[in-house]
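Read-outs throughout are calculated quantities, based only on the coordinates presented, and are distinct from any laboratory measurement. None of these values were measured; they are calculated from a predicted model. For neighbour counting, all protein chains shown are included, and Cβ atoms are generated from backbone atoms with ideal geometry for every residue, glycine included.
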Amino acid sequence: MVGSLLSTPTHRMSLLNPLIYLLTLAMFKTFPEAQREQQYSGAQPGDPLTTPIDLARRQQDAYFDSLKGVLPPLGQVLERQMAGQYGPLNIRLIYPVAEGPYHCVVFIRGAGWWAGGLDSHMQTMATIAHSSSCVVVGVDYYRTPEHAYPTQVHQVAEVLNYLREHQLDLQLKGLPVLFGESAGATIALSTALHLRDLGPSYEGGGVGGLIVFYCNAAGFKPQARDYSKWVWKQYIGVHGPLLQNPAVPLQHDLRALPPMWLGVGADDPLIGDTRQLYQQLLAAQSQPVLQIYPALGHGFLMWTATLEPALEALQEACGVLVQWFKKTKNSWVLDLEP
């Protein structure tokens, strides 16, 4: 499908007037302040345990919408649909206001594997594109419970191959970086493991690194709250073994993975997963970087429009991307630059 420029009012505002973006950054210093402001919207997260899944998704979308602000200045935003082994797969390419060719980040959203889409995390993706001067590719992977692991991992691998095949017309260069948050970080880790295990048989060329925010990567925990147990059951599949399963990245050998930067909030109930990932990477002779952000909980990237510490954390990750891009050689065979 030929890409097209998005035409929603929010996107037009970000494209037409950078001054509007700067003037509308009313930021809060603490999460309670930002949370009180959001509560005026009346939007609450969806609950798939007590609500039919379609209604829970609509409620979750409304909640995500209540967290959005005006987008930063952007270049063009393209919608593409690619053919995949599970059916049509939609991706969104968000370009910065800069000259190409561009380095590339493949963004994998969280939302428990069951919710969200390309619109729900547009604020985060646009901020990455703006702050890193790279193209951000959002992947609208198939959601649970309709589609369980390894569907999502295979779809991300298919996107990487598609980007390589179309790098000339998309003006891309170098190896892409995977950027995942929460459940999306788990998909990113599993994708890196999948590509490593495929080795030379994979034609997509691999990835240059992983940005991992507050991963949910240790698998099903019998002592966890009901929601956490539910999301893992849906991701693994209702008939899969819960405690030992290939869907759990931290149950794999983590050797020979790309460079990895980890970010998590000190108040995140899943901080143990990130700490465990960090320790296993060290044991695997890797050199990961771990940043722990005070007074931030799970999912804080969704608050970057109003919460200053969340935006600062995202911008720090963008700084890491910029440094990686400077050091990474252009490894795609058909690269646009020597």
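Using Cα positions and a limit of under 22 Å, work out the lysines in reach of residue 221, with same-chain residues fewer than 8 apart set aside.
Straight-line reach from residue 221, under 22 Å: 229, 233.
Have a look at 314, 262, 168 and tell me which one the Gaussian network model of the chain (Cα, springs below 10 Å) gives the largest fluctuation.
Highest fluctuation of the listed residues: 168.
For residue 326, which lysines qualify as cross-link partners when the Cα separation must be under 18 Å and same-chain residues fewer than eight apart are set aside?
Partners within reach: 173.
Which of the aspartates and glutamates could a cross-linker bridge to residue 29, judged by Cα under 19 Å and excluding same-chain residues fewer than eight apart?
Candidates past the 8-residue exclusion: 37, 267, 268, 308, 312, 316.
If you place +1 on the Cβ of every Lys and Arg, -1 on the Cβ of every Asp and Glu, and leave all else neutral, what size is the dipole of the chain about its Cα centre, to the nearest 20 Debye?
Magnitude of the dipole: close to 300 debye.
Just to be sure I understand: with springs between alpha-carbon atoms less than 10 Å apart, which residue in 134, 104, 318 has the highest mean-square fluctuation in the Gaussian network model of the chain?
318
In terms of modelled amide H atoms, which long-range or inter-chain residues lie less than 5 Å from the amide H of residue 105?
Sorted by chain and number, the residues that satisfy this are 135, 136, 137, 177.
So what are the ³J(HN,Hα) numbers for region 129-143, from phi and the Karplus equation (6.51, -1.76, 1.60; θ = phi - 60°), rounded to whole Hz, Gly and Pro as x?
Couplings: 4, 5, 7, 10, 6, 10, 7, 9, 10, x, 10, 8, 4, 5, 8 Hz.
Given an 8 Å cut-off on Cα distances and at least 6 residues of separation, report the relative contact order of the chain as a percent.
18 percent
Using the scaling law 2.2 N^0.38 Å as the reference, what is the normalised Cα Rg of the chain?
0.93
Among 173, 29, 233, 326, rank each residue by its count of other Cβ atoms within 10 Å, from fewest to most, as a rough exposure measure.
In increasing order of surrounding Cβ atoms, one gets 326, 29, 233, 173.
Binned at 5 Å from 0, what are the whole-percent values of the Cα-Cα distance distribution for region 47-87, short to long?
The calculated distribution, bin by bin, is 5, 15, 12, 11, 19, 20, 14, 3, 0.
Can you find, among 167, 264, 113, the residue sitting farthest towards the positive end of the charge dipole of the chain, where Lys and Arg contribute +1 and Asp and Glu -1 at Cβ?
Toward the positive end, the furthest listed residue is 264.
Please report how far the C-alpha centroid of region 251-297 lies from that of region 107-159, rounded to the nearest whole angstrom.
Computed from Cα coordinates, the inter-centre distance equals 20 Å.
At 222 nm, what helix-only mean residue ellipticity would the chain give, in deg cm²/dmol to the nearest 500, using -39500 (n - 2.57) for each DSSP H run of four or more?
Taking each H run of at least 4 residues, the total per residue is -11500 deg cm²/dmol.
Could you work out which residue, out of 86, 102, 63, moves most in a Gaussian network model of the chain, that is, has the largest mean-square fluctuation with Cα springs under 10 Å?
Ranking 86, 102, 63 by mean-square fluctuation puts 86 first.
Would you work out the Kirkwood radius for region 151-238? I mean one over the mean of 1/r across all pairs of different Cα atoms, in Å.
14.2 Å
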